[in-house]
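A short reminder: the numbers here are calculations on the coordinates, not readings from a lab. Model, not experiment: these values are computed from the prediction. Don't worry about glycine lacking a Cβ; one is built from the backbone with ideal geometry, like all the others, and counts go over all protein chains shown.
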């Protein structure tokens, strides 16, 4: 009986055990595809739990129908119902509301929930999806208040970053740090190496001092993690680039008809009496090319209990869509990071970045650029004449030449090698103290050459050369930054949390420019010319003016305090000293402070089912700016002079730019109020900011009398503190992220920013500063003037087109503008009512600063498929059309087909004529609304299932296709409504900007 009972109990227990199986699987991180060590796997049905091992794998007892919960710090928890015993692969999404995530804020980090400033982060997943060739491209549309414009679509061309508008009429670049290294040129960074980009937009950037006046961009590269196994990642993408836009120019027959009409209207013989057998040449098609772009990068990273390491290599090759390999860009980068904990108290951080870039350039901006010539070259002239030589551009003015010949005669090569390194030690002592000392250094060499061969492009052309010119340069740059600071961190009475930082920073930058120009090489072959072979040589360093040496010395203190994690305060006091200013004004003291209140931690909101997190914050502070050339407070002998000795002219030195010993710091006073709120278990997040930034004592170079010597070679006007500017606006962002089902998740976000820019004062005799050229021989068309946006357009207002002689007779005379008006000419408004049209009737015609910018992103994942789309919009920005050359035989766009041909035919486009008119005087006829919406990137990807990778030793393999700059919706008639020269006073004048490329890409991400 006892044996029978025992047997029955054993059988029942065995049966029960047999029904409870062991389920295995792996937990991955969605953003990187890497395995997660220490993720919690909990069986909610049995209340059993385990964690993943170093390979991200787990095993847990489970049965069909059990519910498993997967969780990890900073990730969205996920629940899965067990359908069968097939091994699981679970991917955890990044928690958009990971409020304990830390961000770099300057000399340290801070939890996101405790940040009291306007700080925004762009993560590596966004950057990887956008596939930018330059880092700046990844910021456009991702951070409210950050506007990125291109001065050229040429490969490797720099981009202009503006954070919260234009705050000065000088250098508006933000401070950029890469793993603590100050980087001036972001072309040296491989975007695929970036882990995150933090943007500091308000006064809290003041901890970085004078260089942070225009905001701060902090780039953190990908590094290893503690106890992370060796991870190898390979990314490769490539594709075809094409122009995103060609302008509609007249074909040969249209051109001939229009030109015949223009000559006839002036009583001249017709230039094309027979239009039936004309050659038709599309010069845009002749200079535009489909171009290749290819990028490969390899990274290795991992970690142990005490060390972290990362190493990466990347190669980019990009040809240009204009001139193909005449405007190419190649980049090689290599980087490494190694962090080690020598003891419990002593930690070391090291890193380096090496880059080598080479590129070739074409003339891609202004009068005489390749595209300017392609638009204005007569379509009736073939590229080559009957002898196979390049056709001459006769009768088209002095600037317009055959653009294909121009490309053929373009020879140059530019190379830059740069290495950056950092080393730092942190030592903890006395329980609450931590001392850090670190040094960062950069060294770069830039060298290259340019050759202009002997050439004849047509009669009277400014590009004609009877003597070839070969020039070379070698430039050397170095800088270092040394930081030392001590932190104190303690908690009192369990609720009072205090962190204090006291430190200093020293910065020095030096540069040495060397160059020679040789004239008259016997050979006219680029591969054979040299400086040694030139008949005469000019040494660019002859007067010793081509060097600089600038230094900064700063001391700072920061206090951060919070009570019970709810009431937050941060205050900074920084003293900066700059060699830019004289002894009396060298040092400036710049305070800033911010406060915050986490209202969601209050008892009245803790149990809210709607609001997951709510924080109010405010900041205010002053930041200095010194970005002007060095030693402007003293007179230097660095100008150019010529002297006669023994009846010979000898080149020498003379006084340089005029000095001003009274120049002092430009100061920016910034205030910001904002809130961060998250709803619905952190699925919906909203951020709102209002800012006001006033820049006082602007550092400007005013117009001065030539009697003072400012117009002499090598000289210039002195810098003065000459004005004030205000930028204010509203920033709003909203995002929603949800795991809808086990197979489907999506994310949608939208951000927008408004900007109101106004010049508050200009302290010179005129009350304004002029800039910006238009056409040939016309007065400047942009102004820096009180009560208006910086760089606004200034010209005549039109009032339609004169339809008949009676209208001309009834209108004030326009003869002072260049010619007596006739029917078909533009009619200008007499704004001051004095009965005549002259320069006094000019007024504001618009400005290049957008009223609103917006970014819109949508992504989703369904099983193994993923889709991302990124859009950017700019509304309210104007642009001046200045790429048309007004000569009797230059080509026109097809808009000329809608010209005035008689009374009532049109009231918007004037007649065509070769005679003198005022139609080319700068007016709103040439100002256009350049608002646009651009699809920056549309991408579709597929990740292979783990089973398919078992035999190839891969942990992840993703293939994708994308279109970059897929389309741009705009009414602007030029190449690129987003382009800008970067000059704050003349940014919106389009001389024929090199357009951004539309790129069709395919790529692969592989992780081992």
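Summary of values
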{"item": "Sequence-separation-based contact order of the stretch 21-92, relative, with Cα cut under 8 Å and 6+ spacing, percent", "result": "37"}
{"item": "Stokes-Einstein D for the stretch 311-426, Kirkwood Rh over Cα pairs, 20 °C, 1.002 mPa s (µm²/s)", "result": "118"}
{"item": "Most to least packed among 506-515, 724-733, 156-165 [average Cβ atoms within 10 Å]", "result": "156-165, 724-733, 506-515"}
{"item": "Which of 680, 845 has the fewest Cβ neighbours within 10 Å, and the rest in rising order", "result": "680, 845"}
{"item": "Tilt relative to the chain, helix 252-265 - C-alpha long axis, 0 to 90 degrees, to 10", "result": "40"}
{"item": "Residues residue 564 and residue 741, FRET efficiency given R0 of 30 Å [Cβ-Cβ distance, rounded to 0.05]", "result": "0.15"}
{"item": "Separation of alpha-carbon centers, the stretch 208-258 and the stretch 930-972, rounded to whole Å", "result": "15"}
{"item": "Pairwise label distance in nanometres, residue 589 with residue 462, each label 7 Å out on the Cα-Cβ vector", "result": "5.3"}
{"item": "The stretch 438-499: relative contact order in percent, alpha carbon pairs under 8 Å with at least 6 residues between", "result": "37"}
{"item": "Inter-centroid distance (Cα atoms) of the stretch 394-449 relative to the stretch 561-619, Å", "result": "34"}
{"item": "Peptide ranges 481-491, 242-252 listed from the most packed, as the mean C-beta count within 10 angstrom indicates", "result": "242-252, 481-491"}
{"item": "For peptides 105-117, 886-898, sequence by mean Cβ density within 10 Å, most packed first", "result": "105-117, 886-898"}
{"item": "Helix 2-19 axis, angle to the chain major axis (alpha carbon atoms, nearest 10°)", "result": "0"}
{"item": "Virtual paramagnetic centre 7 Å along Cα→Cβ of residue 454, amide N under 19 Å, in the stretch 497-536", "result": "518-536"}
{"item": "Gain in span if fully extended, residue 491 to residue 748, counting 0.36 nm per residue against the direct Cα distance", "result": "88.6 nm"}
{"item": "Percent of beta bridges antiparallel (DSSP, the stretch 102-221, rounded to nearest 5)", "result": "85"}
{"item": "Length gained when the stretch residue 636-residue 21 is fully extended (0.36 nm per residue, less Cα-Cα span)", "result": "212.9 nm"}
{"item": "Principal axis box of the chain, alpha-carbon based, largest edge first, Å", "result": "130, 71, 64"}
{"item": "Relative contact order for the chain, counting Cα pairs under 8 Å that sit 6 or more residues apart, in percent", "result": "11"}
{"item": "Spatial separation of Cα centroids for the stretch 904-929 and the stretch 126-193, in angstrom", "result": "38"}
{"item": "Average projected area [Cα convex hull, the stretch 50-185], square nanometres", "result": "12.6"}
{"item": "Interatomic Cα distance distribution for the stretch 376-433, bins of 5 angstrom, percent", "result": "4, 12, 15, 12, 7, 4, 5, 4, 5, 4, 4, 4, 4, 5, 5, 4, 2, 0"}
{"item": "Projected label distance in nm at residue 758 and residue 730, using a 7 Å step from Cα toward the beta-carbon", "result": "1.7"}
{"item": "Equivalent ellipsoid dimensions for the stretch 178-324 as semi-axes, Å, which come from the Cα gyration tensor, largest first", "result": "56, 24, 9"}
{"item": "Bridge type composition, the chain - antiparallel percent by DSSP, nearest 5", "result": "95"}
{"item": "R0 of 25 Å, Cβ-Cβ distance residue 276-residue 383: FRET efficiency to nearest 0.05", "result": "0.75"}
{"item": "In nm, spacing of pseudo-spin labels at residue 538 and residue 806 (7 Å Cα→C-beta vector)", "result": "6.1"}
{"item": "For the chain, calculated [θ]222 nm from helices alone, where every DSSP H run of n ≥ 4 adds -39500 (n - 2.57)", "result": "-2000 deg cm²/dmol"}
{"item": "Angstrom value of the Kirkwood radius, inverse mean 1/r, which spans all Cα pairs in the stretch 21-92", "result": "11.9"}
{"item": "Extension reserve of the residue 50-residue 862 stretch, reckoned as 0.36 nm per residue once the Cα distance is removed", "result": "289.5 nm"}
{"item": "Principal axis dimensions, largest first and in whole angstrom, of the stretch 480-586 by Cα", "result": "85, 37, 20"}
